[in-house]
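Working notes for the structure below.
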Amino acid sequence: MPKQVEKTTEAIASVEAAPAEKKTETNATKKTTKKTPRKVAVKKPVVKEGVSAKETIETKVNMFFESNKNNKDLKKIISVAKLMEAGAHVGLAANLWNPKMAPFIYRSKNSRNLIIDILKIIVFSNRAYNFLHDIAKQDGKVLFVGTHNDSVKKYIQEEATRCGSFYINQRWLGGTLTNFKTVNNSINKLNRLTSLLESENIGRYTKKQQLDMQRQVAKLEKFIGGIKTMKGLPQVVIVTDPVAEHNAVKEAKDLHIPVVAIANTNANPDLIDFIIPANTHSIKTQWLMLGILADAVASAKGQPTK
C-alpha cells in the first residue's frame, strides 16, 4: 500500500472513531445500556431513531472535512447523495475480493457484497482530481482507457474529447506504450491516408484502390483514432477498471507512467498510483467518476466543466 494511501486512511480512521464515542451519550444509548451495557459500549455505536444511513454517512464526511478545513487541497468535489444514487459504494461479492483492498472496505452486505467506504471514495477522488489538474496545468498529456463494455467506450470517448485528451476505447493493442515507435508508424499511416482521401489527388487512384484505403482508415481509426494526434507518451494514464485493463496498467507501470484508476474490491491497489475505490460494474458510477476526472483536466485548461 503506497505511503500516501496509508496516511490518508489513518486520518480518516481517526475521525471515524469520534462520532461513535459521542453517540454513546445519547438517550437511546442510555436506555439500551441498562439491558446490555458492555455490548453497546464496545460493539455498536447507537444511531438515533429515524436517522438514515445516508444522513449518518454525511455526518461522518462533514466531520472529516471540518477537521481538515485548513487543508486547502482537500475539497468535497462530489456529494454523498450522488455516490449512493449511483451505487458507487457497492463492491463485488466477498469471495471475489483482493485482501489488499481491505483499507477501502467499510463492511460486508448480507455476507455477499462488500461495501466500499464512501468517505474514502470522496477523499481519494479528490487526490486524483488534484493530481490530474496539476498535470494538465503543465500541458501534460492525459490518456483515458476503457474498453470493457459499450457504455464505458462511449463515456471514454465523450469525456476525453470534452477535455481535449487522448483515449483508447477499443481493444488495447499490445505495445501501445512500450512499443510506441511501432504504434506511431500506424498513426502516421492513418493520418497520411486520411489526408490523401480528402485531397484532390485521390482521383488518380482507381475505385478499388480508394475502397481499400477507406477500409484501412476505418480499421485504424477504430483502434487508434483517439491517439492519432499523440506525438509521444502520455504523462498519466486513466483506466476505468485496472482488472479489465490490466495490459494498459502493466505497460504504464513498466514505463513509470502514473496510473489513475477506478478500482473495485477485486483490484490490486499496489499497481495504482492514484486509486478511486468505487463500483466499476455500475454504469452510473463510471459516468460520474469519468466526468469528475475530465473536469479536472478541463478546469486546468480553462475549459467548461459539467
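Here are a few things to note about the model shown:
- Size of charge dipole - the stretch 217-306 - debye, nearest 20, with Cβ of Lys, Arg +1 and Asp, Glu -1, no other charges: 380 debye
- Whole-number accessible area per residue in Å² for the stretch 168-306, which is evaluated in the context of all protein chains at 1.4 Å: 49 Å²
- Here the stretch 164-273 is treated with +1 on each Lys and Arg Cβ and -1 on each Asp and Glu Cβ, and its dipole about the Cα centre works out to around 680 debye.
- Length-normalised contact order of the stretch 207-287 in % [C-alpha pairs under 8 Å, at least 6 apart]: 21 percent
- Only protein atoms count toward the accessible area here, which uses a 1.4 Å probe; on the stretch 152-306, the carbon and sulfur part of that area reaches 51 percent.
- Length gained when the stretch residue 208-residue 254 is fully extended (0.36 nm per residue, less Cα-Cα span): 12.3 nm
- Span from the the stretch 265-306 Cα centroid across to the the stretch 155-184 one, whole angstrom: 16 Å
- Among the trypsin sites (Lys or Arg not before Pro) found in the stretch 159-263, those both in a DSSP coil and sparsely packed, with 13 or fewer other Cβ atoms within 10 Å of their Cβ, are 171, 231.
- For the stretch 113-180, the relative contact order comes to 25 percent (Cα pairs under 8 Å, sequence separation of at least 6).
- Cα gyration tensor shape for the stretch 91-161, rounded if a/c is under 1.5, else prolate or oblate: oblate
- Rounded to 0.05, the FRET efficiency of the residue 102 and residue 301 pair, given R0 = 25 Å and the Cβ-Cβ distance, is 0.10.
- With the charge dipole of the stretch 154-306 set up from +1 on Lys and Arg Cβ and -1 on Asp and Glu Cβ about the Cα centre, the Cα lying farthest toward the positive end among the listed residues 183, 234, 261 is that of 183.
- The tail of the calculated P(r) for the stretch 216-302, taken as Cα-Cα distances beyond 21 Å, holds 39 percent of the pairs.
The values are calculated or read from the model by the stated rules, or taken from the named source; none is laboratory data. Owing to the predicted nature of the structure, the values given are computational and were not obtained by experimental measurement. Methodologically, a virtual Cβ is constructed for each residue, glycine included, from the backbone with ideal geometry; neighbour enumeration extends over all protein chains shown. The accessibility values were calculated without ligands, DNA or RNA, using every heavy atom of the protein model including side chains. Shrake-Rupley method; radii C 1.70, N 1.55, O 1.52, S 1.80 Å.
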